[in-house]
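Since every read-out is calculated from the coordinates, none of them should be taken as a lab result. Treat the numbers as computed from the prediction; the structure is a model and nothing was measured. Heads up, the Cβs are rebuilt from the backbone with ideal geometry, glycines too, and the neighbour counts pull from every protein chain shown.
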Amino acid sequence: MPASDPSPVDPISPRPSRRARLREQAPVAKFLFAWNRIAPFFVSAALFLSGFFAVFSPLPFLILGVTVGGWWLVGALATNSALVYFTSGSTVFQFYLLTVGSIGLVMPLLIRRRFRPEQIVARTWIVQWCLVGILICVYALLHGVTPFAELKAIFSSFFDVLFASLSDETRKQLLESFGGGELAVSEWRRRTLVELPGTLGILCLLVAWFNLRVLINLNPNRFLVRVGLDRRVLNRWKNPDWLVWPTVASWAIVLFTDGRPSEICLNIFKILMAAYGLQGIAIFGTIFEAWKIRGPFRMILYAILIMIMLPLPLSFGFFDQWFDFRSKFRQS
């Protein structure tokens, strides 16, 4: 029998060269490169004005600050500030500069100088409130009043804006909770003005900490290696030992005094306990790492700790100075 012809073999198509693959990806790469250069000039303002995503508004500045820095960061801050000013007015613009702008400018500088995370957040917070104090003094000088009177006027105007922004139903429910009538409005105003400094102080602290955490998780251009940090650095968060004394002293004044000293010290106590809450979250982060709890389940546990079991991380953070919970969990 004649030998059968060998079956034809399909020719193997040659793989495209590296240069060809790069040429195919060039339009996408160019688009991404252009987007990374253009986006920081408007994304922060868009996030801030969105309301829900406002907490992320410092993040574009932080990414730009640790990857490029310099005049790129200054230019991005100028364009975003201009967008906020022309769309929302001078009041929102000042709030944007004092909260978002200060974080975007100060925090990358501290990161590049290799400060620890707790030092980065604390110094950024101090700069923010120093800027607030300077702004109040400038306005007081322009209006010919004392800084305290100017501060009271600013808080009163803030309450008026807050009161006008509420719906009729929400406003009615809040007034009924204070007894109703004109006296309820006065009591609500007084309570809001008393609690506002502490609330804003905690808000500034948490926004700075949260954006630093997101920045570390993203690690753009592997900046952590350049500054000598790692992704678990926030789990080593530890407040200075001396911080316990102003915390105890402020709470003692709240317990044994009345009037304005008690109200001032209550705001101080809340801000200091917020710092200890961050230390408590760091302790639980170490526990989750030791027990290999990762992914969405870890995020669920963090949400439960913050929203339902908040006294637990506050207590762990405050008493960590004496018990050193992290070393005990590592040993176990």
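Numbers for the structure displayed
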| item | result |
| --- | --- |
| GNM result for the chain, Cα springs below 10 Å: residue of Leu301, Leu229, Leu215 fluctuating most strongly | Leu301 |
| Residue among Gln119, Gln173, Gln128 with the largest mean-square fluctuation in a Gaussian network model of the chain, springs linking Cα atoms under 10 Å | Gln173 |
| Positive-end residue, the range 231-332 charge dipole about Cα centroid, Cβ charges, pick of Leu272, Ala303, Ser250 | Ala303 |
| Restricting the range 162-232 to chymotrypsin sites (Phe, Trp or Tyr not before Pro) in coil, as DSSP defines it, with at most 16 other Cβ within 10 Å | Phe178 |
| Dipole in debye (nearest 20) - the range 210-332, about Cα centre, beta carbon charges: Lys, Arg +1; Asp, Glu -1 | 720 |
| Mean Kyte hydropathy of 1.6 or more with a Cα span along the axis of at least 15 Å, helices from DSSP in the chain | 102-112, 244-256, 296-307 |
| Set of lysines near Lys238 by C-alpha distance (under 29 Å), chain-local residues within fewer than 8 positions excluded | Lys270, Lys292, Lys328 |
| Per residue, the convex hull volume that the Cα atoms of the chain enclose (Å³) | 266 |
| Helical mean residue ellipticity (222 nm; -39500 (n - 2.57) per DSSP H run of 4+; nearest 500) of the chain | -24500 deg cm²/dmol |
| Footprinting exposure proxy for Met107, Met273 (fewest neighbouring C-beta atoms within 10 Å first) | Met273, Met107 |
